[in-house]
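Contents: one structure, followed by commentary.
The values are calculated or read from the model by the stated rules, or taken from the named source; none is laboratory data. This structure is a prediction, so every number in the text was calculated from the model and none was measured. No Cβ is skipped: glycine too gets one built from the backbone with ideal geometry, and neighbour counts run over all protein chains shown. With ligands, DNA and RNA removed, areas are computed over all heavy atoms of the protein, side chains included. Shrake-Rupley method; radii C 1.70, N 1.55, O 1.52, S 1.80 Å.
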Amino acid sequence: MLAPGLLALVFGFFAFRSRIKGVYFSIITQALTYAGMLLFFRNETGFGGNNGFTGFTTLLGFSVSATGPRIGLFIATVGLLLLSLAIGFALAHSKFGRVLTAVRDAENRLMFCGYDPRGFKLFVWTLPAMLCGLAGALYVPQVGIINPGEMSPANSIEAVIWVTLGGRGTLIGPLLGAAIVNGARSFFTVAFPEYWLFFLGLMFILVTLFLPHGVIGLLRRRKHD
């Protein structure tokens with residue numbers, strides 16, 4: 001958690017100080033991710049090159065392939081997910097969250113009110129980076145391998161699809177979107193393995209055109225109706 005958090009802190013400090021935002025910020029982050037992927041693909045870095053890290057067979061002396069440790073990892077994953085959602089909920093419903101909403105909707109007006117948005121953006125940029133590190137620490141022992149291909153920009157784009165499908169501006173939306181996309185992946189890669197990416201792209205296009213607020217927005221609309 002500390003390594004991605006520190007990296008995000010350093011990058012965010014200079015990026016936000018230079019007032020880089022919007023599509024330019026997205027392009028720079030994707031470019032840096034791709035550059036990191038190419039760097040770690042080189043065997044000279046000592047991180048396994050194309051093969052990455054393999055052989056994760058034990059964790060704290062327990063075999064990760066045994067039923068007990070696997071159940072423990074699953075429970076830890078669910079518990080930390082709920083804890084992360086609770087932290088996000090607490091932040092979103094605090095004064096800090098209201099300032100973040102103002103940063104999103106009217107950053108210049110917020111500055112005229114005497115707030116410096118850079119600190120708020122830096123915090124909300126660094127905290128998710130640390131949560132991503134936590135997710136990676138839980139992911140690798142359960143999968144047993146990690147290679148630089150996981151740094152592909154395609155994974156970032158897929159995460160954006162999760163958020164878009166589930167519902168932007170919500171905490172439950174991305175979780176719901178991730179469940180739907182990965183469930184669809186499990187089905188389509190078996191039923192139509194050659195066309196899975198086309199289904200994913202079509203799903204994103206349809207949601208963008210007809211469900212701008214995602215599945216959460218559709219459920220809210222039906223509730224009000």
Below 8 Å between Cα atoms, with a sequence gap of 6+, how large is the relative contact order for the chain in percent? 26 percent
Under the rule of at least 5 residues apart or a separate chain, name every residue whose amide H is placed under 5 Å from the amide H of Thr58. Val64
What accessible area, in Å² to the nearest ten, does a 1.4 Å probe give for Ser186? 80 Å²
Calculating Cα Rg over 2.2 N^0.38 Å from this structure picks out, from [x] 1.06; [y] 1.14; [z] 0.93, entry [y]
Let me cross-check His213: its accessible surface, 1.4 Å probe, with only protein heavy atoms counted, in Å² to the nearest 10? 130 Å²
Could you check how much of the accessible area of segment 1-115 is carbon and sulfur, as a whole percent, using a 1.4 Å probe? 70 percent
Expected 222 nm ellipticity per residue - DSSP helices of 4 or more, -39500 (n - 2.57), all of the chain, to 500: -25000 deg cm²/dmol
Taking the Cα centre of segment 40-193 as origin and charging only Cβ (+1 Lys, Arg; -1 Asp, Glu), how large is the dipole, in debye to the nearest 20? 320 debye
Sort segment 35-109 into rounded, prolate or oblate with this rule: let a ≥ b ≥ c be the square roots of the eigenvalues of the Cα gyration tensor; rounded if a/c is under 1.5, and if a/c is not under 1.5, prolate when a/b is larger than b/c, oblate otherwise. oblate
For segment 1-125, what is the accessible area per residue in Å², given a 1.4 Å probe and the full set of protein chains? 71 Å²
If Arg104, Arg220 are ordered by their accessible area, calculated over protein heavy atoms with a 1.4 Å probe, which sequence runs from highest to lowest? Arg104, Arg220
Which order do the peptides 129-135, 9-15 take when ranked by the mean count of other beta-carbon atoms within 10 Å per residue, highest first? 129-135, 9-15
In a Gaussian network model of the chain with springs linking alpha carbons closer than 10 Å, the residue among Leu38, Leu60, Leu200 that fluctuates most is Leu60
Whole-Hz Karplus couplings 3J(HN,Hα) for segment 147-162, θ = phi - 60° and coefficients 6.51, -1.76, 1.60, Gly and Pro as x, run 10, x, x, 5, 8, 4, x, 4, 5, 5, 5, 5, 5, 4, 5, 4
With every protein chain kept in place and a 1.4 Å probe, the residues Lys121, Lys21 fall, from largest accessible area down, as Lys21, Lys121
I want to verify a result. In a Gaussian network model of the chain, Cα cutoff 10 Å, which of these has the top mean-square fluctuation: Gly52, Gly201, Gly166? Gly201
If R0 = 30 Å, then Met1 and Arg42, at their Cβ-Cβ distance, give a FRET efficiency to the nearest 0.05 of 0.75
